[in-house]
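Structure first, then comments.
The values are calculated or read from the model by the stated rules, or taken from the named source; none is laboratory data. Please read these numbers as outputs of a predicted model, since none were measured by experiment. With ideal geometry, Cβ positions are generated from the backbone for all residues, glycine too; neighbour counts draw on all protein chains shown. Just so you know, the surface numbers come from the protein's heavy atoms only, side chains and all, with ligands and any DNA or RNA stripped out. Shrake-Rupley method; radii C 1.70, N 1.55, O 1.52, S 1.80 Å.
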Amino acid sequence: MQIRAVIFAIGIMVALLGAAMIPSALLDIADNSDQWPIFLVSSAVSILIGAGLAVLSGGAPPSTGAREAFLLTVVIWIALPLIATIPFISYGMSLTDSTFEAVSGLTTTGATVMTGLDSTPRGILLWRAILQWIGGIGIIVTAIVILPMLRVGGMQLFQIESSDMSGKFLPRITEITAQTGIVYLLISAICAIVYAACGMSAFDAIAHSMTTMSAGGYSTHDASFGYFSDTPAAYAATFFMFVAGLPFSLLTLLILHGRWRPFASDPQPRLYFWLAVGFSVVIVVWHEAVVDPPVFDHIFHGFRQALFNIISIMTGTGYASAPYDTWGSPVTVIFLAATFLGGCAGSAACGIKMFRLEISFKAVAAYAAQIVRPNRIVRVRYAGRVVSSDTLQSVMVFVFLYLATFVVASVLLSLTGMDPLSAISGAATSVSNVGPGLGPEIGPSSTFQNIPTAAKWVCLTTMLLGRLEFVAVFTLMTSRFWRG
């Protein structure tokens, strides 16, 4: 195995993350905040560590393969959060809280242990937004380039020619990252401009555009997006959160190459759209028909609130515009279900993903049909193509690991003393990288600050497993991987 290539790539990424701390230092200097040395020193330390690793590796070798990609995918998501904790620790947060905030940021989970955001120096708020924005593009590139090649969780369905990185790992990933990054940056800039036009300050617009397009959900206010719930920005956020959950490979083809047919033929966006609308309609109808007095002022207000929060949860953005955990038990169940669903493959969203949901249901239907008629050959089709047994197996393994991790995390959180609803929703929101949970401790109006220390470590570990899509991590734990 070419460990040298892995160390070199990690060194470069660590140095770049260190450079990303500089805007926060400059903002604190502009605000006359005495916190600016935190980011300058943290940046210097991170750049030195990254440069040292790159130099010690001797540079990237000419060829690498799938094993190096597996290792790098896992190690990079562990190494970068460790570096990202440095500013938080320097800011005065504990090691546990710093690690939690950094992991939640880079995995775009959005669960936070910080309070008093309205009076927090803008440098640290910008750093949180930058972490999520970087994590978002990292997630998208991983889903488009790495996971299809590694055949993780059925992602081989979306393998494109540029995903064939055998012997050309770094050049290929640079090529794909460039095009995807342009689209990601362009949509983020448009989002910031629209937010500013909707009445946000320049700082709030930039910070929230970063956390919207990354499906991250960190806000600059304790009230989250509820701070802007009565402004046109709420409508804009609903649209851009939905966009963040769409396949960026298709968005790139559409925006940079004018190719709309691949977008129109992909079944994921349609399922994603109708699930979001359907959940919202059910919430509004239930409240109008059953609850007396209704929670919402009128039907349009209810649909807007429901759609915003459902899309926020489905994509894993985690913005909260209202305390939806007080809308009644049936609504709580709907939001818990939405936590697992996710957006489309190749997006910044989290969760099981639309294509896996469709394939899983079709596989169950095919199995049932074959039980009725054992001699009949029933094939599972997706997007007009027959799904191979290899892909079916990959999807089912992913779903099993997803649910198994959720169950184990729920049990562990309950053992730390969390109430049942908080433990279950905490596990769900961590494994799905969503952010806010349900219940009295971690609901949409609360934070993770007061949960036990052990619970925070369970949650952040589960966040990493969810973001790495499980299979890559468990593959590294097998002896066969290291034997070659």
Taking 0.36 nm per residue of sequence separation and subtracting the Cα-Cα distance, how much length would be gained by fully extending the chain between Ser329 and His221, in nm to one decimal? 36.1 nm
Value of D in µm² per second that Stokes-Einstein yields for segment 219-328, Kirkwood Rh from Cα pairs, at 20 °C (1.002 mPa s): 141
Just want to confirm a number: the relative contact order over the chain, from Cα pairs under 8 angstrom separated by 6+ residues, in percent. 17
Computed over the Cα atoms of segment 313-457, the Rg and Dmax in Å are 17.9, 58
Expressed as cubic angstrom per residue, what is the convex hull volume of the alpha carbon set of segment 91-152? 87
Along the Cα-to-C-beta direction of Arg381, a point sits 7 Å from the Cα; which residues of segment 254-290 have their amide N less than 16 Å from that point? 265-268
PRE reach from Asp118 (point 7 Å along Cα→Cβ): which of segment 409-452 fall under 17 Å by backbone N? 445-447
Thr174 accessible area, assembled protein chains, probe 1.4 Å, Å²: 90
Would you mind computing Rg(Cα) / (2.2 N^0.38 Å) for the chain, counting N as its residues? 0.95
Roughly how many debye, to the nearest 20, is the charge dipole of the chain about its Cα centre, given +1 on each Lys and Arg Cβ, -1 on each Asp and Glu Cβ, and no other charges? 2140
Selected from Ala322, Ala30, Phe242, residue furthest toward positive end of dipole (the chain; charges at beta carbon): Phe242
Quick one: Debye curve from the alpha-carbon atoms of segment 9-57 only, equal weights, vacuum; give me log10 I(q)/I(0) at q = 0.17 Å⁻¹ to two decimals. -0.47
With the dipole of segment 337-484 defined by +1 on each Lys or Arg Cβ and -1 on each Asp or Glu Cβ, the option from Ile359, Phe340, Ser389 whose Cα lies farthest towards the positive pole is Ser389
Virtual paramagnetic centre 7 Å along Cα→Cβ of Ala44, amide N under 18 Å, in segment 71-104: 86-91
Where labels lie 7 Å past Cα in the beta-carbon direction, separation of Ile29 and Asn450 in nm: 4.1
Would you mind checking which residues have amide H under 5 Å from Tyr382's amide H? H placed 1.01 Å from N; only 5 or more apart, or other chain. Val387
FRET efficiency for Ser388 and Phe263, Cβ-Cβ distance as r, R0 = 30 Å, nearest 0.05? 0.80
